[in-house]
Amino acid sequence: MKTLQELTRPNIWALKPYSSARDEYKGITASVFLDANESPFNMPHNRYPDPLQIEVKKKISQIKHVAVENIFLGNGSDEAIDLVFRAFCEPRIDNVVAIDPTYGMYQVCAEVNDVEYRKVLLDAHFQFSADKLLAATDDYTKLIFLCSPNNPTGNDLNHDELVKVLTTFDGLVIVDEAYIDFSNQPSFLNRLSEFPNLIVLQTFSKAWASAAIRLGMAFASTEIIGILSKIKYPYNVNQLTQHQAMEMLHRYHEIVSWVKNLQKERELLEEEFMKLPCAIEIYPSDANFFLAKVTNAGAIYNYLVSQGIIVRNRHTVSLCANCLRVTVGTRNENKKLLEALVQYKPE
Ligand SMILES: *Cc1c(COP(=O)(O)O)cnc(C)c1O
């Protein structure tokens, strides 16, 4: 791996972060706060939230067995994705490499930041080869994006190839584990000390059933977390979100049972879906959704909309011609989808 200083944009490396009122005063004994120009009315929402989200991080630390210094929290994983571009990629000079197809936000953030985005096509089984990916890199490649289980394909990426990228690439490797809770593969979370160039992304939006609160997690070395923390907006995670995250973290056992439920429902739904006349193939899934090739994705998508059921049409995505991405819902929601599709008559 190159040194972190070599990988970081010089202006970011040199940056002295904004110091907020609540950064400067960190004690807990005071009872009169006249330092931040807040209103004294409308408790408790009159106060700025903790800019470092210490309580939430401590609880995440206990559950995930990762030290607080190795955790960054943001406004969804999307914030962490944007910040790694802003921290490490010099616009119009540096580039990033990613598998294709994958989560669309990596490319959007690359384009917003004017950073070249290089795609390497997956194979017919939606797997990747470390050598092919590394062949697309050059001296200016700062980041590689890997998503496992991958979206929209649903499958785990090959673990040995992931390790090969982590050990061979001299830039940073982002492993997006948004769907890891649904997978039987081990997370890379407990291997942060082994791979100083690893950034693991997870989120409250999927297994944690809290997409509305916008809370994403990035896990990495203390040095990488330090850089992300110094360039984020000071109060990037609001108080309502921090409060609700604590609620959900205390309900951890419930989340585990929701995950088990959805894994079971996915199996049942896949089994029935395969029997439909419009189904051609269901691709193996390790997530809370699956990708299915159907006879005519556009027509079936429109038909389902007319029945009040929304799935995701992925027809225009690489390797996904005539594919729909179906999220696993409750037993009853899945039943409604199947009943509608049984009734579907091609024009
Ligand atoms: C849904 C999803 C996320 C979550 O993004 P948030 O901003 O945390 O809601 C991240 N990565 C992938 C691949 C996803 O599918």
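Please report the antiparallel percentage of the DSSP beta bridges confined to segment 136-272, to the nearest 5.
30 percent
Counting only other residues whose beta carbon sits under 10 Å from that of L324, what net charge do I get with K and R as +1, D and E as -1?
So the surrounding residues net to +4.
Could you calculate the contour length gain from I280 to K119, that is, 0.36 nm times the residue separation minus the distance between their Cα atoms, to one decimal place in nm?
55.2 nm
Rounded, prolate or oblate: which fits the chain, taking a ≥ b ≥ c as square roots of the Cα gyration tensor eigenvalues, rounded meaning a/c under 1.5, else prolate when a/b beats b/c?
oblate
Setting aside same-chain residues fewer than 8 positions from K293, which aspartates and glutamates have a Cα under 13 Å from its Cα?
Hits, sequence-local ones excluded: E270, E281.
If the limit is 32 Å between Cα atoms, which of K260/K345; K64/K142; K2/K57; K58/K142; K206/K232; K142/K264 go over it?
K260/K345; K142/K264
Remind me, what semi-axes does segment 308-347 give for its equivalent ellipsoid, largest first in whole Å, using sqrt of 5 times each Cα gyration tensor eigenvalue?
21, 14, 7
Counting only heavy atoms of protein chains, what accessible area per residue, in Å², does the chain have with a probe of 1.4 Å? If you can, show how the numbers build up before the last one.
Numbers: 16940 Å² over 347 residues.
Solvent-accessible surface per residue comes out at 49 Å².
On a full-extension model of 0.36 nm per residue, what is the gain between E339 and F41, subtracting their alpha-carbon distance, rounded to one decimal in nm? Intermediate values should be presented prior to the final figure.
Numbers: separation 298, 0.36 × 298 = 107.28 nm, distance 5.36 nm.
Fully extending the segment from E339 to F41 adds 101.9 nm.
If you roll a 1.4 Å probe over the chain with all protein chains in place, what percent of the accessible area is carbon or sulfur?
53 percent
Can you tell me the dipole magnitude for segment 11-91 around its Cα centre, using point charges on the Cβ only (Lys, Arg +1; Asp, Glu -1), in Debye to the nearest 20?
Result for segment 11-91 is approximately 280 debye, rounded to the nearest 20.
Under a 1.4 angstrom probe, counting protein chains only, how are M105, M43 ranked by accessible area, largest first?
Highest to lowest solvent-accessible surface, that is M43, M105.
Calculate, for A212 and Q239, the FRET efficiency according to 1/(1 + (r/R0)^6) with r their C-beta to C-beta distance and R0 22 Å; round to the nearest 0.05.
Once rounded, the FRET efficiency stands at 0.90.
For the pair R191/D139, report the inter-label distance in nm, with labels modelled 7 Å from Cα in the Cβ direction.
3.0 nm
Excluding L122 itself, what net charge comes from residues whose Cβ is under 13 Å from its Cβ, given Lys and Arg +1 and Asp and Glu -1? Please report the intermediate quantities before stating the final value.
Working: positive: K119, K132; negative: D100, D123, D156, E161.
Net local charge, L122 excluded: -2.
Can you give the relative contact order of segment 115-249 as a percent, counting alpha carbon pairs under 8 Å and 6+ residues apart?
Normalised by residue count, the contact order of segment 115-249 is 17 percent.
Given +1 on the Cβ of Lys and Arg, -1 on the Cβ of Asp and Glu, and no further charges, what dipole in debye does segment 217-347 carry about its Cα centre, rounded to the nearest 20?
With only Lys, Arg, Asp and Glu charged at Cβ, the dipole is about 200 debye.
Dividing the Cα radius of gyration by the Kirkwood radius, what Rg/Rh value follows for segment 107-254?
Rg divided by Rh gives 0.97.
The values are calculated or read from the model by the stated rules, or taken from the named source; none is laboratory data. Small disclaimer: the values here were computed from a predicted structure and weren't measured. Backbone-built Cβ (ideal geometry, glycine too); neighbour counts: all protein chains shown. Quick note on the areas: whole protein, heavy atoms, side chains included, nothing else; ligands and nucleic acids left out. Shrake-Rupley method; radii C 1.70, N 1.55, O 1.52, S 1.80 Å.
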